[in-house]
Amino acid sequence: QHSSPAQAEFYQAVEEVLESLTPILEHNPKYRQQAIIERMVEPERQIMFRVPWVDDQGNIQVNKGYRVEFNSALGPYKGGIRFHPSVNASIIKFLGFEQIFKNALTGLPIGGAKGGANFDPKGKSDGEIMRFCQSFMNELYRHIGPTTDVPAGDIGVGAREIGYMFGQYKKLANSFDGVFTGKSLLWGGSLARKEATGYGCVYFAQYMLADRQQQLAGKRCLVSGSGNVAIYTIEKLQQLGATAVTCSDSSGTLYHASGINLDTLKQIKEAQPQRLTAYLKFHPDAEYISTADYPADGHAVWRFKAELAFPCATQNELTVADARALVENGCLAVSEGANMPSTQEAVEVFLKSGIAYGPGKAANAGGVATSQLEMAQNASMQRWSFEEVDAKLQVIMRNIYLRARDTAAEFGQPGNLVLGANIAGFKRVAEAMIEQGVV
Ligand code: NDP
């Protein structure tokens, strides 16, 4: 059903899920009788809205805002907000759809949603970011709430943006409540939330490797992206004795054979956001490959020799040629920090090659799982220590891995964590939908 090219990413995500559901649908006619698939692919509610704001020159700018509340069978809608010029209805729908299964797979009581705007935060002043966030919230506040819909960050939305959006929500709703996760530690945020997606994605790799009698320590790793997920993936890899030799942004890839220096990376990406080329000033022995010099069929970051790969930038950033290069270079495992970073053809290469492949909806679920821990702390007015949250994160990641692994084996495809994650997530949501009737 590719009749609507405008929704290419959404169809790609749906197709991947539906393909892997065939075995469970065949065994359970009730899912067809209950029109579960037809109901699941249609969001419960989609909000599209105008986001007008005034730039520093006094000009009125207008962006498109979105929130797709996809499925609330398991709990309040939950999913991040993305600010990036590429955002459109298809991208938000694909992310919201994936989020349903990811959240179900965590075993926690959260539904699936996603939101965003085609706004480019790059080069904007602090005042412009604040006015944009306030305008975005002027519409969104009426649709969200601590037991209705709890957004979080994503690409282009970090602590600063969440602060401005939360401030405006509080003013409009006249209520200080846990309506966002990823909040500042000063006013309700959870320790270890910032680190959770990256750390979780490394824990996931660790569990996949352990089942293959391998360990992380001493491994060379390729990481893409240089935002929240990439930085904390690199941090955890270092803590566990592995070496990340790459990172990237939308302009190019950095390769540092002796290992990416985390302090420098945090300095140029977190403290004073700059392009990755700034890294070379501190480490002239590193190498930079601009996107103009990428291979025509893929991305430079995946062409270096390494044993592990962690795509942590964005969707479709790893092509079939990239996947072949990884496998040929002896890659043992791929653990996805980003959402749908590998194209469908690339996923097929991984599955056929027999290397360990952890799809994003399983491997990057540590972020949303820790968001749910933030909600639990807010609702009970408690504050847990970093170690406590991190320990819970590790248990959750282990359980996600085991659920995906054991479900894949149960349905006759051992090792296929795509199938395992999709079926395990689907089953929880489908059963809850049936119990709640046709609503
Ligand atoms: P950030 O905005 O912090 O970082 C995104 C990184 O990816 C940046 O380095 C950015 O480079 C790069 N990037 C973004 N778009 C593109 C593009 N089109 N081409 C090349 N590089 C690009 O976002 P996050 O780290 O939070 O998110 C990264 C991925 O992880 C996304 O897929 C997100 O959905 C997913 N994810 C995030 C979670 C979280 O907790 N934050 C949870 C689960 C999944 P540049 O700065 O040049 O744009």
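The values are calculated or read from the model by the stated rules, or taken from the named source; none is laboratory data. What you see is a predicted model, and the numbers here were worked out from it, not measured in a lab. Note: ideal-geometry Cβ built from the backbone for every residue, glycine included; neighbour counts use all protein chains shown. For accessibility, only protein heavy atoms count, side chains too; no ligands or nucleic acids. Shrake-Rupley method; radii C 1.70, N 1.55, O 1.52, S 1.80 Å.
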Count, please, the residues in region 265-276 that happen to be closer than 23 Å to residue 294 by Cβ and open to solvent by less than 60 Å² (accessible area, probe 1.4 Å). 4
Quick check on this structure: which one of 192, 159 is touching a residue at least 40 places away in the same chain (Cβ under 8 Å), within 12 Å of the ligand (Cβ to nearest atom) and under 22 Å from residue 369 (Cα atoms)? 192
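Given the options 323, 306, 313, 300, name the one that is closer than 30 Å to residue 362 by Cα, of a type outside the set (D, E, K, R) and touching a Pro at 6+ places or on another chain (Cβ under 8 Å). Give the derivation first.
Numbers: 323 fails: touching a Pro at 6+ places or on another chain (Cβ under 8 Å); 306 fails: touching a Pro at 6+ places or on another chain (Cβ under 8 Å); 300 fails: touching a Pro at 6+ places or on another chain (Cβ under 8 Å).
Going through 323, 306, 313, 300 in turn, the sole match is 313.
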Filtered residues of region 339-363 (kept if near the ligand (Cβ under 9 Å from one of its atoms) and open to solvent by 10 Å² or more (accessible area, probe 1.4 Å)): 339, 340
Examine region 256-276 for a residue that is more than 16 Å from the ligand (Cβ to nearest atom) and either under 26 Å from residue 351 (Cα atoms) or assigned by TED's automatic domain parsing to the domain that holds residue 95 (or both), and state whether such a residue exists. no
Given the structure, is residue 379 closer than 20 Å to residue 111 by Cα, modelled with pLDDT under 95 and not assigned by TED's automatic domain parsing to the domain that holds residue 25? yes
Determine, yes or no, whether residue 208 is outside the structural domain of residue 86 (by TED's automatic domain parsing), open to solvent by less than 10 Å² (accessible area, probe 1.4 Å), over 30 Å from residue 251 (Cβ atoms) and more than 16 Å from the ligand (Cβ to nearest atom). yes
Regarding residue 107, is this residue buried (at least 24 other Cβ atoms within 10 Å of the Cβ), of a type in the set (Gly, Ala, Ser) and over 23 Å from residue 130 (Cα atoms)? no
Taking the criterion of being at pLDDT 95 or above, open to solvent by less than 10 Å² (accessible area, probe 1.4 Å), away from the ligand (no atom under 12 Å from the Cβ) and in a loop (DSSP other than H, G, I, E, B), would at least one residue in region 319-334 satisfy it? yes
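How about region 277-307: which of its residues are of a type in the set (A, V, I, L, M) and surrounded by 13 or more Cβ atoms within 10 Å (Cβ to Cβ)?
To start, the set of residues in region 277-307 that are of a type in the set (A, V, I, L, M) comprises 278, 280, 286, 289, 292, 296, 300-301, 306.
Those that are of a type in the set (A, V, I, L, M) and surrounded by 13 or more Cβ atoms within 10 Å (Cβ to Cβ): 278, 280, 286, 289, 300, 301, 306.
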Have a look at 160, 142 and point out the one that is under 17 Å from residue 228 (Cβ atoms), open to solvent by 60 Å² or more (accessible area, probe 1.4 Å) and in contact with a helix residue (DSSP H, G or I) (Cβ under 9 Å, 6 or more places away or on another chain). 160
Restrict the check to region 63-75 and report whether at least one residue is among the aliphatic types (A, V, I, L, M) and part of a strand (DSSP E or B). yes
Give the residue that is farthest from the ligand (Cβ to nearest atom), with candidates limited to residues of region 290-318 that are within 13 Å of residue 224 (Cα to Cα) and in a strand (DSSP E or B). 308
Members of region 62-88 that are open to solvent by 10 Å² or more (accessible area, probe 1.4 Å), more than 14 Å from the ligand (Cβ to nearest atom) and within 17 Å of the chain's Cα centre (by Cα): 77
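Among the residues of region 232-249, are any assigned to a loop (DSSP other than H, G, I, E, B), closer than 19 Å to residue 335 by Cα, within 14 Å of the ligand (Cβ to nearest atom) and open to solvent by less than 20 Å² (accessible area, probe 1.4 Å)? Write out each step before concluding.
If we filter region 232-249 for residues that are assigned to a loop (DSSP other than H, G, I, E, B), which is where we start, we get 240-242, 245, 249.
Restricting the remaining residues to those that are closer than 19 Å to residue 335 by Cα gives 240-242, 245, 249.
Imposing the further condition that a residue be within 14 Å of the ligand (Cβ to nearest atom) reduces the set to 249.
Going one step further and asking which of them are open to solvent by less than 20 Å² (accessible area, probe 1.4 Å), we end up with none.
No.
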